[in-house]
Structures are given as structure tokens and as C-alpha cells.
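Undergrad: Quick one: the structure is below, questions incoming.
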Amino acid sequence: LGQKLQDILDNMRKSGRLTEAQVKAAMREIRVALLEADVNFTVAKDFVARVSEKAVGQDVLGSLNAGQQVVKIVHDELIETLGGKAQQPVLKNDGNVWFMVGLQGAGKTTSTGKLAALYKSKGRRVLLVAADTQRPAAREQLKVLGAQVGVPVLEVNDHEPPQVTRQRLEEYLQKDFRDLVIVDTAGRLQIDEALMDALADLKGALNPSETLLVVDAMTGQEALNVAETFESRIGLSGLIITKMDGDARGGAALSAKSVTGKPIYFAGTSEKISGLEPFYPDRVAGRILGMGDVLSLIERAEQAELSAFAPKKPGEFDLEDLLVQLRNIRKMGPLGDLIKLIPGMSKMLPAEFNVDEKQLQRIDAMISSMTLKERREPKIINGQRRKRIASGSGTSVQEINRLLKMHEQMKEMMKVMQRMGMGPGGKGGKM
Ligand code: GDP
Ligand code: MG
């Protein structure tokens, strides 16, 4: 995602309400962003339709332009769709059995070990059950993890009927009290009828309190189909999304969550045993949109209530306006990229106007040393006045000259932009 959306956002004028055309233009790009983040095609389409309906006619916040407002609405809706706040599975005092399912390589065994470590550290007595009898090495892998974490592992034997597994588990629990049992199961590379039947049988016998689908964030488009099938064949109560430390933007999470409606409890963030975090919908929403810069602007604008960068008329843009705007901008914190995000600002600033905090402070000091009349009518600032302002602000006459020249250029540029129908106060149109 990139320049194109930025341009659309830049070119959206401030307006009271979001129009259908504005929303449509932004949504086209949002849809591309979602697809680039590997959100399933249908999910992206439905999502965009739903949000468009909500967005049209909404008031544009004082501090945002229309494009940013659309992004805000999309972002908020994404967070909602991803579950709102971080959620954790509910644990009873006893009798918790968690059944881990998912495709081969999704990260079931790893996540089982991670959950064991996490809940052991919370004071739970965890037992792991190695029920992946498909691959010889699978039980061994879980045993290694169990030893590492310091929790026992009950191994299911080859061709063991589910009822026998259940009986063996009950017998084990009578000898050794465990309040959280986590069952690692077999996966296949692709969804497979025989596997689904076997899983359904084992689930029926063990009657778990949670059935957790482990989804690899890198599976992208396929996540929807996987989640849908596991939900309909096995029945799920929650999701774990792994490999969020990779390049994947998290579209798989949105797809899996949308199609199952089940909460995403955890995100896997490394291969290590400690690499498991609660799933934070707001973080992932930002990552899916891939618009961190716009989002952080929106956040800061909401905090600082940046007043619109739209002087009455470009021709009337005086030094007082410049001062007010600079102060508004500075309220928003670290400058750097921020200033470029203000619609039209980057195009308005002369190249030599190097934006750094120190320079803004000096400009502030210079304008502050002027009388109101001078700010309103910079052309009265003669040599005498320049000297006075320079000494009053601890700057030099050369700097005052440069400021006045820069202001002249900005004013000119704003006039040109307005004639072309662009820029603050313009009627819209493309750069
Ligand atoms: P299973 O077949 O579903 O049991 O998958 P495994 O637990 O064996 O994991 C498959 C591979 O993915 C292993 O190499 C794991 O180390 C790796 N893996 C699992 N979860 C994560 C994760 O959150 N981040 C990263 N980077 N790798 C992971
Ligand atoms: Mg495994």
C-alpha cells in the first residue's frame, strides 16, 4: 500500500460529512490493503461493504480530513471484528481439558508447550497429552517440550481407541492431580476426511472444555477454508494464531475470526517457549491495514485536537496563522514524518524549509516577538522592525528575512494550489 492511498487521503478535502464518493475512493484502496494483508477475498469484500455503509454520512472529526476519517472508521471496525479487547480462555478450578487442532506445521505442538509454560507459571498443574500418533517424532517432540517446561506428558499409543485414551487419562488424573490438561493432536498438510473423523471421535471421548484451532498466520487465504472446515467438523471454542513474528500482516487472523466468530486468544511470536502473547486486536488491526503512519497521526490528532490546517483564504494566510498552525503541530509530539501527513503540508513547504523541532522553536520565537499588526501585515516589517524582532527573539536579521521570504512563498503556493482546486480550502481535485 502506498502512495496511491496517501494521495487519495491527501486530496480529500475537509468536509462536514463523508460523501459516498469519498468513502468509495478510500474503500477501494482499503480493500487492496486487506488483500495485500492476505485477508480472504470474500471476507475483505464483506468487510468493506459493511464499513462503507457505516461511513457514509458520518461527521468528519474536526481534527481529521475525510480520508483519515475513513481510515479511522475502518480501523475501529477492524478492531471490533478481531474481537475488541484481548480475551483469555476461562479456566475452572478443575477439569479443564484443552484440545488443540490444526493443520500439520501450524504450530500445535509448539503452542501446546508454550501454553504449558504460561499456565504453569500462573500456578496451574498442567498435564500434556501426546495424541499425535500420525508421525513417530510428534510424541517425542512434545515429550521434549514437557521436560523443558517441567510438566508430565501422557502418551497415546498407536491405534489406541479414543475410549481407551479417555480411560487412561482418567486413571492418570486419579493418581496425580492436574487441573489443566492440554491435548496435542495430529494434523495433516491438507484437510483430510479420515483425520477429521478421528479428531471428532477423540474430541467426543475427551469432552474438552476448549477446542482451540491453531492457525499459521502465513497461510493467508487458506486460513478461511481451514477455519471453516474445523469449525463445522470438529467445533471450535477459540483460536490461536501463530508465527506472527514473520512477515505475515495478519489477514489470516481476520479471516479465521470472521468465519468462525470465535475469539482469538493467543498469538505465537517466536519459536521459543516464551513466544506466546495475548492476542491484541488493536495491534493486529493496525498491522493488517499497514498504515501505521496514518493511524498514529489519527491517534495523536485525537489526543491533541489539531485544528484544521485551513486558513480562511490562502491569500490571507498571515504570520499569525502560521504561528497558530506551528503550535498546533508541535502539540502533537515528535515532528519528523508527522508534518508530511498533514494534507498538503509537504507540498506547501519550500524544500529549504527543513522541519526540525529546533527550527520550529525559532520560528515561534520570531513570530512571538512581532506585534499583532506585524503578524497580520508582514509587509510593514521594515529594516528597523527586523532588527528589533531579531534581538527580541534571540535570532538574526538574516533569519527574519528568511522567515518572511518563506512565508511569502507559502502564501504564493497556497494561491496557486487554490486556483488549481487543491490544497486547504480548495474544491478538491488531484495533484
Ligand atoms: P504442528 O505440526 O502443528 O504441531 O507444528 P509445530 O508445533 O511442530 O510447529 C511447526 C514449526 O513452526 C516448528 O518449526 C515451530 O518451531 C514453528 N513455529 C510454531 N509456532 C511458531 C511461532 O509462533 N513463530 C515462529 N517463528 N515459529 C513457530
Ligand atoms: Mg505437532
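Undergrad: Restricting attention to region 172-189, does a residue exist that is within 16 Å of ligand 1 (Cβ to nearest atom) and part of a helix (DSSP H, G or I)? Show your work before the answer.
TA: In the first step, residues of region 172-189 are kept if they are within 16 Å of ligand 1 (Cβ to nearest atom); the result is 182-189.
With the extra rule that they be part of a helix (DSSP H, G or I), the set shrinks to none.
No; the residues of region 172-189 include none that is within 16 Å of ligand 1 (Cβ to nearest atom) and part of a helix (DSSP H, G or I).
Undergrad: Moving to a separate point now. Only one residue in ALA116, ALA106 is modelled with pLDDT of 95 or more, outside the structural domain of ARG50 (by TED's automatic domain parsing) and over 30 Å from ARG50 (Cβ atoms). Which one?
TA: Values: ALA106 fails: over 30 Å from ARG50 (Cβ atoms).
It is ALA116.
Undergrad: Please state which one of ILE264, ILE273, ILE241 is farther than 14 Å from GLY220 by Cα, touching a residue at least 24 places away in the same chain (Cβ under 8 Å) and crowded, with 19+ Cβ neighbours inside 10 Å. Even if it seems obvious, please write down each step before you answer.
TA: Working: ILE273 fails: crowded, with 19+ Cβ neighbours inside 10 Å; ILE241 fails: farther than 14 Å from GLY220 by Cα.
Answer to the selection: ILE264.
Undergrad: Taking LEU199 as the residue in question, decide whether it is of a type outside the set (S, T, N, Q) and in a helix (DSSP H, G or I). Talk me through it step by step, then tell me what you get.
TA: Working: of a type outside the set (S, T, N, Q): yes; in a helix (DSSP H, G or I): yes.
Here the answer is yes, as LEU199 does meet what is asked.
Undergrad: Let me ask something else. At pLDDT below 95, among the β-branched types (Val, Ile, Thr) and at negative phi: is that true of ILE298 in this structure? Explain how you work it out, then say what you get.
TA: Details: at pLDDT below 95: yes; among the β-branched types (Val, Ile, Thr): yes; at negative phi: yes.
For ILE298, the condition - at pLDDT below 95, among the β-branched types (Val, Ile, Thr) and at negative phi - is met.
Undergrad: Just one of (1) more than 15 Å from ligand 2 (Cβ to nearest atom); (2) in contact with a Lys or Arg (Cβ under 6 Å, 6 or more places away or on another chain); (3) aliphatic (A, V, I, L, M); (4) not in a helix (DSSP H, G or I) trips up ALA205, so point out which.
TA: Result: ALA205 fails condition (4) only.
Undergrad: Just to be sure, is THR42 within 16 Å of ligand 1 (Cβ to nearest atom) and either under 14 Å from ILE241 (Cβ atoms) or assigned to a helix (DSSP H, G or I) (or both)?
TA: So THR42 fails the test.
Undergrad: Can I ask one more? With respect to ASP216, is the statement that it is under 36 Å from the mean Cα position of the chain (by Cα), farther than 28 Å from GLU36 by Cβ and within 16 Å of ligand 2 (Cβ to nearest atom) true?
TA: Details: under 36 Å from the mean Cα position of the chain (by Cα): yes; farther than 28 Å from GLU36 by Cβ: no; within 16 Å of ligand 2 (Cβ to nearest atom): yes.
Against the criterion (under 36 Å from the mean Cα position of the chain (by Cα), farther than 28 Å from GLU36 by Cβ and within 16 Å of ligand 2 (Cβ to nearest atom)), ASP216 does not qualify.
Undergrad: Kindly indicate whether LEU224 is surrounded by 15 or more Cβ atoms within 10 Å (Cβ to Cβ) and either more than 33 Å from the chain's Cα centre (by Cα) or within 15 Å of ligand 1 (Cβ to nearest atom) (or both).
TA: Values: surrounded by 15 or more Cβ atoms within 10 Å (Cβ to Cβ): yes; either more than 33 Å from the chain's Cα centre (by Cα) or within 15 Å of ligand 1 (Cβ to nearest atom) (or both): no.
Judged against the criteria, LEU224 is not a match.
Undergrad: Something else: For region 159-171, name all the residues that are assigned to a loop (DSSP other than H, G, I, E, B) and modelled with pLDDT of 95 or more. Before you say what the answer is, go through the steps one by one.
TA: To start, the set of residues in region 159-171 that are assigned to a loop (DSSP other than H, G, I, E, B) comprises 159-161.
GLU160, PRO161, listed by residue number.
Undergrad: Has region 99-113 got any residue that is over 23 Å from GLU228 (Cα atoms), touching a strand residue (DSSP E or B) at 6+ places or on another chain (Cβ under 7 Å) and more than 9 Å from ligand 1 (Cβ to nearest atom)?
TA: The answer is no, given that none of the residues of region 99-113 is over 23 Å from GLU228 (Cα atoms), touching a strand residue (DSSP E or B) at 6+ places or on another chain (Cβ under 7 Å) and more than 9 Å from ligand 1 (Cβ to nearest atom).
The values are calculated or read from the model by the stated rules, or taken from the named source; none is laboratory data. Nothing here was measured: the structure is a model prediction, and the numbers come from that model. Neighbour counts run over all protein chains shown; Cβ positions are idealised from the backbone, glycine included.
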